[in-house]
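Report on one structure; see the data block that follows.
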Amino acid sequence: MAKSRVAVIGSGDVGRALADGFLEHGYEVMRASRDPAKLDAWKANAVAGASTGTFEQAALWGDLVVLAVKGTAAESAVALCGAANLAGKTVIDATNPIADAPPVNGVLSFFTGLDDSLMERLQRLAPKAHFVKAFSCVGNALMVHPDFGGIKPSMFICGNDEGAKAEVGRVLDEFGWETADMGAAEAARAIEPLCILWCIPGFARNEWSHAFKLLRA
Ligand SMILES: NC(=O)c1ccc[n+]([C@@H]2O[C@H](COP(=O)([O-])OP(=O)(O)OC[C@H]3O[C@@H](n4cnc5c(N)ncnc54)[C@H](OP(=O)(O)O)[C@@H]3O)[C@@H](O)[C@H]2O)c1
């Protein structure tokens, strides 16, 4: 079966890590920025199958979309993609609702509350898209082929569409993760704050090389 065309919305570290991961696994990738020229060096150094575009061009072109933008800009990024261009597509949502405030004793602030999540807000903006939370609770350096001495870490995912979650599960298999499906979109209220927990050892002790594992008896 032909591999999906992957639109990666994001010119930052997460966009680069995931775009490179998809290319390595034989997918075609269009990476997007509001200013695509920013990505010229990446495209010049990437393997075959890499292209660049605007958020709207990539969202229209991709079969599978990855959203990897600053949390405070995620809603406007979805608007720039165009809800109609995302309709019927799986959208991997790697964003976190980190507020524009410094961490307090290593603890980040979110602009969402406990009974809300960024992914639910995005899902409301593009109701026909199939958002799946994934890659939000680990650093970009560990997103593809995380090496924990043969132990697969868990990637917590959630979303309202079972087919979309199955598609993301296949990607996670390829990238070396065990998928922990937490259910529907509301579970993003629990998954997104794992980012706060994940960052604490980083801010406190400059330790950034860990991931979560769900143990089952
Ligand atoms: N860094 C990590 O290791 C990590 C790990 C897990 C999850 N995350 C989450 O992943 C997301 C991306 O993180 P990142 O570190 O790769 O990069 P980032 O600096 O948080 O985001 C960069 C992207 O945000 C877009 N952006 C910024 N302001 C915007 C605006 N006003 N309107 C539209 N788009 C805007 C930029 O667009 P342009 O290209 O047009 O400038 C760029 O594509 C964040 O939500 C972060 O919390 C990060």
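The values are calculated or read from the model by the stated rules, or taken from the named source; none is laboratory data. The shown structure was predicted, so the numbers you read here are calculated from the model rather than taken from an experiment. Because the Cβ atoms are built from the backbone with ideal geometry, glycine has one as well, and the counts that use them run over all protein chains shown. The accessibility values were calculated without ligands, DNA or RNA, using every heavy atom of the protein model including side chains. Shrake-Rupley method; radii C 1.70, N 1.55, O 1.52, S 1.80 Å.
Checking the condition surrounded by 15 or more Cβ atoms within 10 Å (Cβ to Cβ), at pLDDT 95 or above and among the small types (Gly, Ala, Ser), which residue from Ser209, Ser154 passes?
Ser154
Filtering the range 169-193 down to residues that are out of contact with any Lys or Arg (no Cβ under 9 Å at 6 or more places or on another chain) and within 20 Å of Glu24 (Cα to Cα), which residue is most open to solvent (accessible area, probe 1.4 Å)?
Among them, the one singled out is Arg170.
Taking the range 100-124 as the region of interest, how many residues are touching a Gly at 6+ places or on another chain (Cβ under 8 Å), within 15 Å of the ligand (Cβ to nearest atom) and in a loop (DSSP other than H, G, I, E, B)?
Total meeting the criteria: 1.
Would you confirm, using the coordinates I've provided, whether Ala84 is open to solvent by 20 Å² or more (accessible area, probe 1.4 Å), over 18 Å from the mean Cα position of the chain (by Cα) and within 17 Å of Phe131 (Cα to Cα)? If you could, list the steps in order and put the result at the bottom.
Working: open to solvent by 20 Å² or more (accessible area, probe 1.4 Å): yes; over 18 Å from the mean Cα position of the chain (by Cα): yes; within 17 Å of Phe131 (Cα to Cα): yes.
Criteria met by Ala84.
Being within 11 Å of the ligand (Cβ to nearest atom), open to solvent by 40 Å² or more (accessible area, probe 1.4 Å) and within 22 Å of Pro36 (Cα to Cα): is that true of Thr95 here? Before the answer, list the steps.
Details: within 11 Å of the ligand (Cβ to nearest atom): yes; open to solvent by 40 Å² or more (accessible area, probe 1.4 Å): no; within 22 Å of Pro36 (Cα to Cα): yes.
Here the answer is no, as Thr95 does not meet what is asked.
Restricting to the range 98-121, name every residue that is touching a strand residue (DSSP E or B) at 6+ places or on another chain (Cβ under 9 Å) and either exposed (fewer than 12 other Cβ atoms within 10 Å of the Cβ) or not small (Gly, Ala, Ser) (or both).
The answer is Ile98, Leu108, Phe110, Phe111, Leu118, Met119, Glu120.
Might you check whether a residue that is of a type in the set (Gly, Ala, Ser), open to solvent by 30 Å² or more (accessible area, probe 1.4 Å), in a helix (DSSP H, G or I) and over 21 Å from Leu118 (Cβ atoms) occurs anywhere in the range 29-38?
yes
Of everything in the range 160-217, what is within 23 Å of Ala126 (Cα to Cα), touching a helix residue (DSSP H, G or I) at 6+ places or on another chain (Cβ under 7 Å) and among the small types (Gly, Ala, Ser)? Give them in sequence order.
If the condition is that a residue be within 23 Å of Ala126 (Cα to Cα), touching a helix residue (DSSP H, G or I) at 6+ places or on another chain (Cβ under 7 Å) and among the small types (Gly, Ala, Ser), then Ala185, Ala188 are the ones that fit.
I'm trying to understand the selection: among the residues of the range 39-78, which are at pLDDT 95 or above, surrounded by fewer than 20 Cβ atoms within 10 Å (Cβ to Cβ) and either among the hydroxyl-bearing types (Ser, Thr, Tyr) or not in a helix (DSSP H, G or I) (or both)?
Scanning the range 39-78 gives Ser51, Gly53, Thr54, Asp63, Lys70, Thr72, Ser76.
Does the range 6-20 include one or more residues that are more than 18 Å from Phe175 (Cα to Cα), near the ligand (Cβ under 9 Å from one of its atoms) and open to solvent by 20 Å² or more (accessible area, probe 1.4 Å)?
yes
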